[in-house]
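Values quoted throughout were computed directly from the atomic coordinates according to the rules given, and no laboratory measurement underlies them. Model, not experiment: these values are computed from the prediction. With ideal geometry, Cβ positions are generated from the backbone for all residues, glycine too; neighbour counts draw on all protein chains shown.
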C-alpha cells in the first residue's frame, strides 16, 4: 500500500504537473456562458464551447480576470467593439492554466483580442440582417405612414433613465406650445433582462385598447446599451411586425444597432427623437398655413377676375343700352309725327259723328233726369218713416237685454240667498278642492265672512 497523501497535497501535485506540462500562454476560442463582477473589480467568466451544428456544450471552464488586468481589458474591448462583455459573445482569450488547491482548475485571462470578437459580432449581425431581408420584413416598419399630427406616444424605457427625462422635457418645452400624451411602458434597459423586458413592453403596447401614433424606444446615459446577439433577431423582428411606426433613440452606440436599422426612424439621442416629433407637427402646421395662404390668394385673384368681368359687362351693357335707346328715340319721333297726322285726320273725319251723338246724349240725359228726380222724392219719403220704425224696434230689444242683465247680476243672485266661496282669490267650484286648515272667504249680498276648513267630508 502506497503512502497516503491529503487532498490538498494531491491538488498541489496536479498543479505542479500542469505548471510543468503547460507552462506557456495559450490563445483559446470560447463563448461566454455567464459573466459576473464582484466589488473588488474582479471578473468571473464561465466559458463554454458548443457543437458546430447545435447548442450542445462540449467543453466548459472557469476563467478569471483579475481586477488589475480587467480595468485595462474592459475599456479597450468596449471601445473596439462598441459593446460590453456579455453572455453569448465569442472571445479569443490569452490564458494560462492554474490549478488552485482550494478552487480547482481555472483559466487566468491575461488579454482578449477585441478584433476577433468584433469580427464575430459583425458576422452574426450580418446573418441576422440577411435573415430579415430574406423573410421580406426588413423594411416593413419603414413603410408605415406617419399620422399628419403625432399626439399619442408610447415610450419603452426605464422611468429612471436620464434619456427618458430628456425626451419628456424636450417635448413639453417646445416653443410652439404643442401638447402630447406620453405613456411610459417601463422596461429594464440594462443587464441580462433587457431583451425580455423590451419584448414584453412591445406586447403590452400591442394589446392596449388604443394604439399610439408612434412607439419610441429610448435610453441614454449610463453604460453602453446593446441587444445581445442571441435575442437581437427577436427584438428586430418584433419591430418589423409592429403595426405602429417605431422610433429609436438608444444613444451611445458607435454603430447603428439592428433595432435602429429596421425601425421607422432612428436617432442618436432621446432628445433628437423628441425634436423630430415636434418638427413633424410643425411641418404639418406650416403646410396648413401655406395651403391657407394659397387658397386665400386664389380666392382674391378669382374675386378680382369676377369684379373685372362684371365691370366690363356693366360698361358694355350701358353702352349698348345707350345705342338702343338712341335708335329707339329716332323711331319714336317718326311714329309720333305719323300718329299726330293720323289723329288729326281721324278727328276731322269723326267730328260730325260726335256732334250728332252729343245732341242725342243731351235728349237722353234730360229724360233720365226727370225720372231720377221722381224716384228720389219717393225715396226721401221712405227714409223719413224708416228710422222711426227701426228705433222703436231697437228700443224694445234693449229693454229686454237690460232685464236679462239685471237678473244675471251676481248682486241680484246674492240677494236671493245665494253666496260665493273663494280660496286664494279663486271661486271654489268643488268641496273636494279644499283641505283642512284652508282659509276661505264667503261673500253674501251684505258682506264677506272669513272661515277656516276644519274637516272635509266631500265624496
| message | Regarding the stretch 174-182, can at least one residue be identified that is loosely packed, with under 13 Cβ neighbours inside 10 Å and part of a strand (DSSP E or B)? | response | yes
| remark: Residue hits (the stretch 153-163; surrounded by fewer than 17 Cβ atoms within 10 Å (Cβ to Cβ) and either touching a residue at least 24 places away in the same chain (Cβ under 8 Å) or assigned to a helix (DSSP H, G or I) (or both)) are 159, 162
| note | Among (1) surrounded by fewer than 17 Cβ atoms within 10 Å (Cβ to Cβ); (2) within 19 Å of residue 34 (Cβ to Cβ); (3) in contact with a strand residue (DSSP E or B) (Cβ under 9 Å, 6 or more places away or on another chain); (4) free of Cβ contacts under 8 Å to residues at least 60 places away in the same chain, residue 55 falls short only on (3)
